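Structure, as structure tokens:
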Amino acid sequence: MFSVLPLRAIAFQCLFLLLAIAIEAAVLHEGLKLPYRKSVEYAASINLLSTAIGWLIFFSIEPLVPTNLKFQLINCIFFDQWSSGIAAWIIFAGFVTFFISFLVKLSGLDLLKLLLQDKEEKRSEQEIQADKSKRYQNTIRARKNAREGPSRANAVLIANALSYTAILLVLFIRIIVPADIRL
Amino acid sequence: MLEAIKRFFEQFWTQFKPPRSFSWQTLIFLSLFSWGMSLLNSVLTDTEFVQDFLATMGWFFLTLGVGWALADFKIEFLGLKIYPGPWITGALTCTFLFEGLREEFPALPFVSWPLISAAIAAVPKFLKRGPEFKVPDAKGRQELVILFLVSIILSCWFSFHFLLQDWLGDYPSILADRFDRSAFVINTASPRVSDSRGVLILNLAESIVIDELEGRSLAETELWLFNVQSRVADIEKQVLDRISFLEENVLWNLEGSVSGNAPRYTLNLQAIWQGPSSQTGGYFLQKPCSITQQPVRNPPAASPPTVSQIECNPISDLIPLNPITASSQGS
């Protein structure tokens, strides 16, 4: 019963996660001026989150897949046989995955910031803000939003694009490498 | 003799005596005691409830004791500090929580193991001396986020494993094929032709053919062979009714072809698999059966001088249905 193990999938997932975390940490460090440790932690959190959500989506869609598509899925997973019918679906799914993972990572980053905010920090921020006049505060906030909002989304978008490129490159190398010396 | 036993117990006690009355050793002893009583109970009386209750208490104390004992135990590996304690405690908890559901949901203990372990590992971060509840600091919260996400992914891997096992349960003939090209799975056992249910189908078909043809006259045999298409379709139906009903049954086809000239014919039975396979288009297994005429000893009057005898060869290996693509793939 336990002779067939998804060890290759696990190995690939680990490799892709490490790749993505390394690349995205570098991008976040550059783009958001975060310290090294923080950028690695953030990159790890958002990538793990998007992977986990990806699995949950897979498990919720899998029972709904019609039998014909299920055969093709089994063919892909066990035998790496890609018919042209499913290849189109995979490319489409790749696009969807890219944008969903971008949204998940962006909102994940917001959530993480909210979650990791220290109470002291929040209070002092509030005190400082109370000292300032409302108009001044508003202009500051508007400027801050204008500066930080798009740049954060930009950084996440670039990070996501670069990590997906790296993963695609690895997949491409796997196709080139002859089957008998593969992992 | 008694002296020796006494000395042994004294030795044992000094070795394993709990340092304090409230310590992990006490809990382990309590669990052993519970199990001992449960065993005693099962020998002396037959009250299942008391016995189960005591055994459950045994598990409970063991889990707590092991969790406590391993609380500070860590392994350093490549600069990472790994605390195996919560994982072992989690495994014990899962075994004892889902013991009754193992038959129905074999995946449940494995899938929940990482989540329960992460929850156990998270508990100390929410406690401060007292013990009182506290909200972990930002660093602790970051660690918790990563811990929980990693444990979710681990349990997804377990679910994926069990999903694959479900598929293999529905389509066991996949196991006869090679997973060399797969990017997802490995097969630790080497594939055997006998894993393919085509073998079962061909063997059943063989016995039906022997039933129908053996001992028949040449004319009857030739009539049967003349209608081989419909006969084999009929056999296919019988065979699929006889083997256990699985989702993969619709992917199997039985076909037969006849070659040769009177009085020697060859009936070639083929079980064709059109499901997922490492060969594009699928594969087939075949079993050639030679049909010969044997003279009848002491034939009674008005019976034919010879009757058919059927001899079948062993089943072939998996043969790709589409030889052109198979050879270009180099497999």
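The values are calculated or read from the model by the stated rules, or taken from the named source; none is laboratory data. All values reported here derive from a predicted model rather than from experimental measurement. Quick reminder, even Gly has a Cβ in these numbers, built from the backbone with ideal geometry, and neighbours come from all protein chains shown. The area values use the complete protein model at the heavy-atom level, side chains included, leaving out ligands, DNA and RNA. Shrake-Rupley method; radii C 1.70, N 1.55, O 1.52, S 1.80 Å.
The figures follow:
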{"read-out": "GNM top mover of B:Gly260, B:Gly198, B:Gly90 - chain B, alpha-carbon springs below 10 Å", "value": "B:Gly260"}
{"read-out": "Built amide H within the under 5 Å cut-off of B:Val307, gap 5+", "value": "B:Gln294, B:Val296"}
{"read-out": "Net charge dipole size for chain B [Lys, Arg +1 and Asp, Glu -1 on Cβ; Debye, nearest 20]", "value": "1560"}
{"read-out": "Accessible surface buried once A binds B (1.4 Å probe; total of both sides; Å²)", "value": "4500"}
{"read-out": "3J(HN,Hα) from dihedral phi, the stretch A:57-68, Karplus parametrisation 6.51/-1.76/1.60, rounded to Hz, x for glycine, proline", "value": "5, 4, 5, 7, 7, 3, x, 8, 5, x, 4, 4"}
{"read-out": "Buried on assembly, the stretch A:3-26 (at least 30 Å² less accessible surface than by itself, 1.4 Å probe)", "value": "A:Ser3, A:Val4, A:Leu5, A:Pro6, A:Arg8, A:Ala9, A:Ile10"}
{"read-out": "Per-residue HN-Hα couplings for the stretch B:190-207 [Karplus 6.51, -1.76, 1.60; θ = phi - 60°; Hz; x = Gly/Pro]", "value": "7, x, 10, 4, 5, 5, 6, 6, x, 4, 4, 4, 5, 5, 5, 4, 4, 5"}
{"read-out": "Accessible area in square angstrom per residue, the stretch B:1-158, 1.4 angstrom probe", "value": "69"}
{"read-out": "Surface share of carbon and sulfur [accessible, 1.4 angstrom probe, percent] for chain B", "value": "62"}
{"read-out": "Euclidean distance of C-alpha centroids, the stretch B:108-125 and the stretch B:45-103, integer Å", "value": "12"}
{"read-out": "Cleavage-rule hits, GluC sites (Glu not before Pro), the stretch B:83-119, DSSP coil, Cβ neighbours within 10 Å at most 16", "value": "B:Glu103, B:Glu104"}
{"read-out": "Given charges at Cβ of Lys, Arg, Asp, Glu: chain B dipole, positive-most of B:Asn187, B:Phe245, B:Val258", "value": "B:Asn187"}
{"read-out": "In the stretch B:226-279, chymotrypsin sites (Phe, Trp or Tyr not before Pro) in a DSSP loop with at most 13 other beta-carbon atoms within 10 Å", "value": "B:Phe245"}
{"read-out": "Cα-projected label distance for B:Val193 with B:Asn313, points at 7 Å along beta-carbon direction, nm", "value": "1.0"}
{"read-out": "Estimated FRET transfer efficiency (A:Leu69, B:Leu2; beta-carbon r; R0 60 Å; 0.05)", "value": "0.20"}
{"read-out": "Computed [θ] at 222 nm, deg cm²/dmol, the protein assembly as shown (DSSP H ≥ 4; -39,500 (n - 2.57); rounded to nearest 500)", "value": "-21500 deg cm²/dmol"}
{"read-out": "Scattering profile of the stretch B:193-328 at q = 0.12, 0.15 Å⁻¹ [log10 I(q)/I(0), Debye over alpha-carbon scatterers]", "value": "-0.52, -0.75"}
{"read-out": "For chain B: rounded, prolate or oblate by the Cα gyration tensor [a/c cutoff 1.5]", "value": "prolate"}
{"read-out": "Convex hull projection area averaged over all views, the stretch B:2-170, Cα basis, nm²", "value": "15.5"}
{"read-out": "Contour excess over end-to-end distance, with Cα ends at B:Leu40 and B:Val258 and 0.36 nm allotted per residue", "value": "71.4 nm"}
{"read-out": "Lys/Arg +1, Asp/Glu -1 at C-beta; the protein assembly as shown dipole; positive extreme among B:Ser316, B:Ala205, B:Leu108", "value": "B:Leu108"}
{"read-out": "Label-point gap, in nm, between B:Val50 and B:Ser23 - each point 7 angstrom along Cα→Cβ", "value": "3.3"}
{"read-out": "The stretch B:131-239: trypsin sites (Lys or Arg not before Pro) falling in loop per DSSP and having at most 15 other Cβ within 10 Å", "value": "B:Lys134, B:Arg181, B:Arg192"}
{"read-out": "Residues in the stretch A:29-68 that, when all protein chains are in place, have 30 Å² or more less accessible area than the chain alone would give (probe 1.4 Å)", "value": "A:Glu41, A:Ser45, A:Leu48, A:Ala52, A:Trp55, A:Phe59, A:Glu62"}
{"read-out": "Debye, to nearest 20: dipole size of the protein assembly as shown, +1 on Lys, Arg Cβ, -1 on Asp, Glu Cβ", "value": "2900"}
{"read-out": "1.4 Å probe accessible area per residue over the stretch B:193-328, in Å²", "value": "53"}
{"read-out": "Members of the stretch B:105-150 that become less accessible by 40 Å² or more once partner protein chains are added (1.4 angstrom probe, chain alone as reference)", "value": "B:Ala138, B:Arg141, B:Gln142, B:Val145, B:Ile146, B:Leu149"}
{"read-out": "Rounded, prolate or oblate (a/c below 1.5 giving rounded, otherwise prolate when a/b exceeds b/c) for the protein assembly as shown by Cα gyration tensor", "value": "oblate"}
{"read-out": "Tally of Lys pairs whose C-alpha atoms are under 20 Å apart, taken over chain B, 8 or more apart or cross-chain", "value": "9"}
{"read-out": "GNM top mover of B:Pro295, B:Pro114, B:Pro106 - chain B, alpha-carbon springs below 10 Å", "value": "B:Pro295"}
{"read-out": "Approximate spin-label separation B:Gln11-B:Ile82, in nm, with each point projected 7 Å along Cα-to-Cβ", "value": "3.6"}
{"read-out": "Cα centre as origin, Lys/Arg/Asp/Glu Cβ charges: the stretch B:2-170 dipole, Debye", "value": "1060"}
{"read-out": "J(HN,Hα) series, the stretch B:171-183, from Karplus relation 6.51 cos²θ - 1.76 cosθ + 1.60, nearest Hz, glycine and proline x", "value": "10, x, 5, 4, 4, 6, 8, 9, 9, 4, 7, 5, 9"}
{"read-out": "Cysteines in the protein assembly as shown that, by Cβ-Cβ distance, have no pairing candidate under 4.7 Å", "value": "A:Cys14, A:Cys76, B:Cys94, B:Cys156"}
{"read-out": "FRET E, pair B:Gln274, B:Phe73, Förster distance 60 Å, beta-carbon r, rounded to 0.05", "value": "0.65"}
